[in-house]
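Derivation of every value follows stated rules applied to the coordinates shown; laboratory data play no part. Since this is a predicted model, take the numbers as computed values, not measurements. Note: ideal-geometry Cβ built from the backbone for every residue, glycine included; neighbour counts use all protein chains shown.
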Amino acid sequence: MDFEDCYNYARNQYSNACYEINYCENNKANLNNMRQNKIREINDLKAELKNNQKAAEDVSKVIKDEGNLQDKLSQVERKTGQAATNYSSMVSASDITTKDLTEVFSDETASTKSSLQTVFDTLKSKLNAVNAKIEELRQKISQTEASLRDIENEIRANDSNLWDAKRAKIVASFNMEYYRRMMNLAGN
């Protein structure tokens with residue numbers, strides 16, 4: 001192999017190294033974009049998770065008050081019964097026909113109890129849905145963080161390849177210069 005062949009081989013290595021450097025730099029830019037998008041996606045998912053956790057907390061607080069509201073409704077029912085008894089006693093002393101207040105308000109009371117139960121059943125159902133969404137978001141965050149780690153590993157591997165290509169370019173440059181000088185010396 002003569003000096004010109006060695007020079008051409010070094011020049012080919014130099015050209016390949018330049019191509020690899022360009023490829024690695026472009027790939028690094030793409031990987032950094034992907035990394036930023038994953039970070040943004042994780043931040044969005046975490047914000048959504050926080051909102052859902054807050055909603056679950058608020059709904060749980062309301063559901064905890066169900067027993068309290070049921071007690072209050074029972075108190076109203078008892079007081080209505082007491083008022084009905086007192087009203088019946090007052091009316092029975094007069095010549096007016098009496099109406100049983102318990103019967104008058106029983107439909108309203110039953111309707112209110114039913115509506116209240118429906119509201120709490122709906123809230124419990126919504127809480128279950130929100131809890132399922134929270135679990136789904138946690139899984140998505142975990143998957144996206146794993147994807148981010150993969151991208152960061154790709155960035156490190158790409159950086160290593162970039163460094164190797166730059167080193168190969170320098171070596172090829174020195175070899176080209178060496179063989180160019182040897183050709184010049186051989187030509188003189």
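Counting neighbouring Cβ atoms within 10 Å and putting the fewest first, the residues Ser147, Ser142 line up as Ser142, Ser147. Rg over Rh for the stretch 123-176 works out to 1.57, both radii taken from alpha-carbon positions and Rh defined as the Kirkwood radius. Distance between the 7 Å Cα→Cβ label points at Arg78 and Glu154: 6.8 nm. Put simply, the stretch 12-80 fits an ellipsoid with semi-axes of 66, 5, 5 Å; these come from the alpha carbon gyration tensor as the roots of five times its eigenvalues, largest first. Remark: spin-label model distance Gln139-Glu177 equals 6.0 nm, labels positioned 7 Å along the Cα→Cβ axis.
Extension gain for Ser15-Gln53 works out to 8.1 nm (0.36 nm per residue, less the C-alpha to C-alpha distance).
Exposure proxy ranking for Ile21, Ile170, based on other Cβ atoms within 10 angstrom of each Cβ and starting from the fewest, stands as Ile170, Ile21.
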